[in-house]
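Visitor: One structure is given below, represented as structure tokens, and several questions about it will come after.
Rule-based calculations on the coordinates, nothing more; no lab input. Remember, predicted model here, so these are calculated numbers, not experimental data. Counting neighbours? That spans all protein chains shown, and the Cβs are built from the backbone with ideal geometry, glycine included.
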Amino acid sequence: MSKTAILEIDGKKYEFPVIVGTENEVAIDIEKLRGATGAITLDPGYKNSGSCKSEITFLDGEEGILRYRGYSIEDLADKADFLEVAYLLIFGELPNTAQLEKFENDIRKHTLVNEEMKSILEGFPKTAHPMGVLSSLTSALTAFNPKSVNVENEKEMYDAICKTMGKFLVIATWTYRRRMGFPLNYYDNTKGYVENFMRLMFEIPTEPYKMDKRIVDALDKLFILHADHEQNCSTSTVRIVGSSHAGLFASISAGVSALWGPLHGGANQAVLEMLEEINNNGGDVAKYVLKAKDKDDPFRLMGFGHRVYKNFDPRATIIKKAADDVLDALGVDDPLLDIAKQLEKVALEDEYFKSRNLYPNVDFYSGIIYRAMGIPVEMFTVLFAIGRLPGWIAQWKEMRLNKEPIGRPRQVYTGSPSRAFKEINQR
Ligand code: CMC
């Protein structure tokens, strides 16, 4: 039996359909609300609003559940590799061996970036933040690929996906090479995707590069944990930009900008900077917890809290363990890890954090692992973007194939009522 919701305005009743998702999530379908009642809903930050139906990722913030296409994040992080997960997110099913090989080979066909992109990169000052450069370079790719993709043509869509996966990884690492003054590196098509990330970043022409498999494996896992997270800020950005039928590169470039903010992906850099500051100031964790609780102080404990997770972030649980393993394996003894552990303990026992359900999120521990791997702090959010890329692509594709209308929210106007224009000499 289908359910309905009744809304009463000024004594008049209106009925709206209720939609139930696969996991019994309930939504009131208000598509016809304004037409029927003249009213709109107001929901700043979209805390209660669903923007779409999606088959990609399921997240239960109360229970700490995260699944891609039905598979638990724990299983995927443990048993799959990043390109398998990318394929799953984008195409809906786990690939068999032949499909995975083909996907990897087809990505390889697109790993050469137009040499003219180098002059665009050189136009940036070396001090530019890699996320700003990455967003601009992704956008610049539209100039080299001006034809918009016909999403209904499977081959065109598939080629665009492989092209985006191939070129984005290369330009992401170029942002670092430019900053360091290193010669730009090329993808090596005989090696894997994540191995290539390490090479592209760190291999220099003067000596052979020795890859540490433990680092590659841990990075692969980190990319999987970041690969999708349903309608978060950057993904919603990608969907809404794409809803105007802007191309894939343009939409993803906007997603990179959204991810950069410290309340979203930029938090991983902010966490490490916060831990460094605490350490440099004598390691007084309690002082920073007090600061975070003080409403007159804008300081927040970075890496704590989440819009959706109100119990624990399952990604943080996996990362915490991975951080311990990686630091152990590499023999790294990082004082910042001790500060992080103390901070976690103090905050988790504090009434302020308990009553607001503020728990460590994915960004709390990722920075510690990145640091142990030798990744510079300004590149942390770029790594998040590389991991999130398949999610952005999958969501963009789904939005276009579902023929979703252009995203265009309404507002409640609270400005001045109509008034007569005043000539400049009368103001
Ligand atoms: N430190 C101190 N207080 C906090 C924090 C924090 N990190 N996060 C939330 N609060 C307080 C906030 O002040 C508010 O208190 P009150 O009810 O007294 O006004 C209450 O908790 C609810 O917070 P909110 O800002 O209304 O919650 P939100 O859902 O709008 O924001 C958030 C979620 C992630 C932006 C926020 O928790 C935050 O700023 N965290 C720090 C930044 C961070 O780690 N971001 C990464 C998120 S996970 C990676 C990703 O998916 O991007």
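Visitor: Which of the listed residues, G192, C162, V285, is farthest toward the dipole's positive end in the stretch 162-292, when Lys, Arg count +1 and Asp, Glu count -1 at the beta-carbon?
Guide: So the residue furthest toward the plus end is C162.
Visitor: With a ≥ b ≥ c taken as the square roots of the eigenvalues of the C-alpha gyration tensor of the stretch 375-422, please select rounded if a/c is under 1.5 and otherwise prolate if a/b is larger than b/c or oblate if it is not?
Guide: Note, shape of the stretch 375-422 comes out oblate.
Visitor: Which Cα, out of G181, G266, G132, lies furthest along the positive dipole direction of the chain (beta carbon charges, K/R +1, D/E -1)?
Guide: G132
Visitor: Fewest to most neighbouring Cβ within 10 Å: what's the order for K341, K79?
Guide: K79, K341
Visitor: In debye, nearest 20, what is the charge dipole magnitude of the stretch 87-208 about its Cα centre with +1 on Lys and Arg Cβ and -1 on Asp and Glu Cβ, if you could check?
Guide: Numbers: 14 positive and 15 negative charges, 89 e Å.
Here the stretch 87-208 has a charge dipole of around 420 debye.
Visitor: Which of F299, F58, F182, F103 comes first, and how do the rest follow, when ranked by fewest Cβ neighbours within 10 Å? All intermediate terms of the calculation are to be shown ahead of the outcome.
Guide: Numbers: F299 12, F58 19, F182 16, F103 22.
Ordered from fewest to most neighbouring Cβ atoms within 10 Å, F299, F58, F182, F103 come out as F299, F182, F58, F103.
Visitor: Would you mind calculating the relative contact order of the stretch 43-139 from Cα pairs under 8 angstrom and at least 6 residues apart, reporting the percent as a whole number?
Guide: Values: 50 pairs, mean separation 12.7, N = 97.
Computed value for the stretch 43-139: 13 percent relative contact order.
Visitor: Calculate, in nm to one decimal, what S2 and N153 gain on full extension: separation in residues at 0.36 nm each, minus their alpha carbon distance. If you can, show how the numbers build up before the last one.
Guide: Values: separation 151, 0.36 × 151 = 54.36 nm, distance 3.57 nm.
Length difference between fully extended and current span is 50.8 nm.
Visitor: Next question. Once a ≥ b ≥ c are taken as the square roots of the eigenvalues of the Cα gyration tensor of the stretch 89-247, is the result rounded (a/c under 1.5), prolate (a/b larger than b/c) or oblate (a/b not larger than b/c)? Walk me through the intermediate numbers first.
Guide: Working: a/c = 1.57, a/b = 1.17, b/c = 1.34.
Cα axes put the stretch 89-247 in the oblate bin.
Visitor: Distance check, please: which entries in K291/K341; K47/K221; K118/K403; K221/K397; K53/K191 exceed 26 angstrom between their Cα atoms? Let's see the in-between values first.
Guide: On the way: K291/K341 18 Å; K47/K221 29 Å; K118/K403 36 Å; K221/K397 24 Å; K53/K191 37 Å.
Listed pairs above 26 Å: K47/K221; K118/K403; K53/K191.
Visitor: Another question, if that's okay. For the modelled label position 7 Å from the Cα of D284 along Cα-to-Cβ, which residues of the stretch 302-344 have backbone nitrogen atoms closer than 20 Å?
Guide: Answer for the stretch 302-344: 302, 336, 338-344.
Visitor: How much of the pair distance distribution for the stretch 268-427 lies past 24 Å, counting alpha-carbon pairs only, in percent?
Guide: Values: 6424 of 12720 pairs.
Summing the P(r) tail past 24 Å for the stretch 268-427 gives 51 percent.
Visitor: Using 0.36 nm per residue, how much length does the chain from K79 to L42 gain when fully extended, once their Cα-Cα distance is taken away?
Guide: Details: separation 37, 0.36 × 37 = 13.32 nm, distance 4.26 nm.
Between K79 and L42, full extension yields 9.1 nm more.
Visitor: Here is a follow-up. What ranking do V289, V382, V18 get, fewest neighbouring Cβ atoms within 10 angstrom at the top?
Guide: Sorted ascending by nearby Cβ count, the order is V18, V289, V382.
Visitor: Further question on the same structure: Rank G415, P335, Y14 by how far each Cα sits towards the positive end of the charge dipole of the chain (+1 on Lys, Arg Cβ; -1 on Asp, Glu Cβ) and give me just the farthest.
Guide: Result: G415.
Visitor: Rounded to whole Å and sorted largest first, list the principal axis extents of the Cα atoms in the stretch 329-415.
Guide: Its Cα atoms span 52, 35, 25 Å along the three principal axes.
Visitor: Under the definition of Cα pairs under 8 Å and six or more residues apart, what whole-number percent is the relative contact order of the chain? Provide the component values of the computation, followed by the final result.
Guide: Details: 550 pairs, mean separation 85.2, N = 427.
Normalised by residue count, the contact order of the chain is 20 percent.
Visitor: If you project the alpha carbons of the stretch 27-102 onto the principal axes, what extent comes out on each, in Å, largest first?
Guide: Per principal axis, max minus min of the Cα coordinates gives 54, 28, 17 Å.
Visitor: Given labels modelled 7 Å from the Cα in the Cβ direction, how far is it in nm from D297 to R356?
Guide: Between D297 and R356, the label points sit 1.3 nm apart.
Visitor: Another question, if that's okay. Could you pull out every whole DSSP H run in the chain that spans at least 27 Å of Cα extent along its own axis and averages -1.0 or higher on the Kyte-Doolittle scale? Present the calculation step by step, with values, prior to reporting the outcome.
Guide: Details: long enough: 154-180 (40 Å, -0.37); 380-401 (32 Å, 0.50).
Both cut-offs are met by 154-180, 380-401.
Visitor: A further question on this structure: What is the dipole size for the chain, taken about its Cα centre, with +1 at each Lys and Arg Cβ and -1 at each Asp and Glu Cβ, in debye to the nearest 20?
Guide: Numbers: 53 positive and 60 negative charges, 322 e Å.
My answer is approximately 1540 debye.
Visitor: So how compact is the stretch 210-357: Cα radius of gyration and Dmax in angstrom?
Guide: Using the Cα atoms of the stretch 210-357, the pair Rg, Dmax is 17.6, 52 Å.
Visitor: With the Cα gyration tensor of the chain in hand, give its eigenvalues times 5 under a square root as the equivalent ellipsoid semi-axes, listed largest first in whole angstrom.
Guide: Values: eigenvalues 256, 170, 119 Å².
After diagonalising the Cα gyration tensor, the semi-axes are 36, 29, 24 Å.
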